[in-house]
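Undergrad: Take this structure first; my questions come after.
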Amino acid sequence: MTRATCKVSGSLRMRGMSMVELMVALTIGTFLMWGAITVYSRSRNTYQVSEQVSRLQENARYAVSVIEPDLRLANMWGLMNDPTIATGTALPTQAASLLSGTTTNCGTNFALNLVEIIRGDNNSYTLGPARVAACNAYNSNPQVGADTITVRRVTQAATAATNNTLQLYATRSGSFSQVFKSGVAPGALGPNAEIHDVIVDTYYIDKDSVGRVGIPALRRISLISGPAFSDQEVISGVEDLQVQFGIDLGRDADNNGVVDDVDNNGIPDSFTGIASQYVNPDSALLTAVPLRVLVVSVRFWLLIRSETAEQGFTDTNTYQYGDRTIGNGTTATLSAAGKAYVPGDNFRRLLVARTVQLRNTIGISP
């Protein structure tokens, strides 16, 4: 741009930019501004996507960190390793135990069925038989088609006798071991006997988070003092839970065609501690009487969903995991159990899987 001066009628006048120069300047400025806005917009979108993915990963890590150690300690009974010899335990088929308190809300003897160290409900929220409304899912709105998993064990550290709390008096020999809630130990304590609190945790998926309808959440029903159950949210954004059990079919040491306790040739049948196959929680192999398999591991899947929809994004992925397989068809809703999931909505998702070895069942006999 140049400037020139001239004297017209006795005064000085400044000559500005020509129309062509102004148009060129505006065009260049427009392109520069458009470029800056584009870079900002793309950077912002990239940041938002990275933030969403990071949050999904963090939620997944936390959910796994809660479930995994609980599963790993299943069948942990303090100084003993066989809950079937402890008095005070009760089966769902038996009359409600006087020790149950309000824990019967979640099913007859649900808290005292210590023989069933790992329990699962396939594609449903069932828990124990005769469950009543007081043990319904949060907002009575469980995710249809999702699994539940229940873990039974005791605390790792010994504790003092506490009234109205289900506890296990465990001895090294297993004899005289007893479940009680009186706050008074059934026997002497010392190196050969300890008291541990009984732990019963059930994990399930609800369609709603606390105060946020429509945001799914992983929740946990836990045994507390009373004895009673408490329902609390573990973390929001977990859309589905699928579970399968790794079972050891055992070694037919006496070659009589079945894995059992019958010793026909001096070699008792036993388990290897290695999963021969993975089955759904409702598999007939897990409900046979007498039980001929041993659950040695648990495989679970968590589908994590972002809490807010993302404009311009559509989730067209096909999610296959657990018993959700494309062989059964596809579905756009998780309520259709057994089918592969194709959401088709604007939420981002992350599918995580974990296999957990049940360290306290390895190598035991049937």
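Undergrad: Given (1) of a type outside the set (A, V, I, L, M); (2) touching an Asp or Glu at 6+ places or on another chain (Cβ under 7 Å); (3) open to solvent by 40 Å² or more (accessible area, probe 1.4 Å), where does T84 come up short, assuming only one miss?
TA: For T84, the failing item is (2).
Undergrad: Residues L302, L334: which one is touching a helix residue (DSSP H, G or I) at 6+ places or on another chain (Cβ under 9 Å) and either under 18 Å from D240 (Cβ atoms) or crowded, with 20+ Cβ neighbours inside 10 Å (or both)? Reasoning before the result, please.
TA: Working: L334 fails: touching a helix residue (DSSP H, G or I) at 6+ places or on another chain (Cβ under 9 Å).
So the residue among L302, L334 that is touching a helix residue (DSSP H, G or I) at 6+ places or on another chain (Cβ under 9 Å) and either under 18 Å from D240 (Cβ atoms) or crowded, with 20+ Cβ neighbours inside 10 Å (or both) is L302.
Undergrad: Kindly evaluate M76 against the criterion of being of a type outside the set (S, T, N, Q), closer than 18 Å to T202 by Cα, touching a residue at least 12 places away in the same chain (Cβ under 8 Å) and in contact with a strand residue (DSSP E or B) (Cβ under 8 Å, 6 or more places away or on another chain). Explain how you work it out, then say what you get.
TA: Working: of a type outside the set (S, T, N, Q): yes; closer than 18 Å to T202 by Cα: yes; touching a residue at least 12 places away in the same chain (Cβ under 8 Å): yes; in contact with a strand residue (DSSP E or B) (Cβ under 8 Å, 6 or more places away or on another chain): yes.
The answer is yes for M76.
Undergrad: Take segment 184-207 and flag every residue that is part of a loop (DSSP other than H, G, I, E, B) and under 23 Å from L98 (Cα atoms). First the steps, then the outcome.
TA: Going residue by residue through segment 184-207, those that are part of a loop (DSSP other than H, G, I, E, B) are 184-189, 191-192, 207.
Matches in segment 184-207: V184, A185, P186, G187.
Undergrad: Among the residues of segment 306-331, write down those that are buried (at least 18 other Cβ atoms within 10 Å of the Cβ) and of a type in the set (S, T, Y).
TA: Listed by number, the residues that qualify are S306, Y319, Y321.
Undergrad: A further question on this structure: What's the total number of residues in segment 81-115 that are touching a strand residue (DSSP E or B) at 6+ places or on another chain (Cβ under 9 Å), modelled with pLDDT of 90 or more and within 23 Å of N360 (Cα to Cα)?
TA: Qualifying residue count for the region: 10.
Undergrad: For residues that are surrounded by 16 or more Cβ atoms within 10 Å (Cβ to Cβ) and of a type outside the set (F, W, Y), scanning just segment 172-191, find the one that is nearest to L112 (Cα to Cα).
TA: Here the answer is V179.
Undergrad: Looking only at segment 208-233, count every residue that is part of a strand (DSSP E or B), over 28 Å from L294 (Cβ atoms) and open to solvent by less than 30 Å² (accessible area, probe 1.4 Å) and tell me the total.
TA: At the first step, the residues of segment 208-233 found to be part of a strand (DSSP E or B) are 209, 212, 217-224, 228-233.
Cutting the leftovers down to over 28 Å from L294 (Cβ atoms) gives us 209, 212, 217, 219, 224, 228, 230-233.
So of that shortlist, the ones also open to solvent by less than 30 Å² (accessible area, probe 1.4 Å) come out as 209, 217, 219, 228.
Final tally of qualifying residues: 4.
Undergrad: Identify, please: which residue in segment 192-207 is aliphatic (A, V, I, L, M) and either more than 21 Å from L351 (Cβ to Cβ) or in contact with a Cys (Cβ under 8 Å, 6 or more places away or on another chain) (or both) and is, among those, surrounded by the most Cβ atoms within 10 Å (Cβ to Cβ)? If you could, list the steps in order and put the result at the bottom.
TA: First, the residues of segment 192-207 that are aliphatic (A, V, I, L, M): 193, 195, 198-200, 205.
Now narrow it down to the ones that are either more than 21 Å from L351 (Cβ to Cβ) or in contact with a Cys (Cβ under 8 Å, 6 or more places away or on another chain) (or both): 193, 195, 198-200.
Working: A193: 21, I195: 22, V198: 26, I199: 20, V200: 23.
Checking each candidate, the answer is V198.
The values are calculated or read from the model by the stated rules, or taken from the named source; none is laboratory data. Because the structure is a prediction, the values reported are computed rather than measured. Every residue, glycine among them, receives a Cβ derived from its backbone with ideal geometry; neighbour counts consider all protein chains shown. Ligands, DNA and RNA are excluded from the accessible area calculation, which covers all protein heavy atoms including side chains. Shrake-Rupley method; radii C 1.70, N 1.55, O 1.52, S 1.80 Å.
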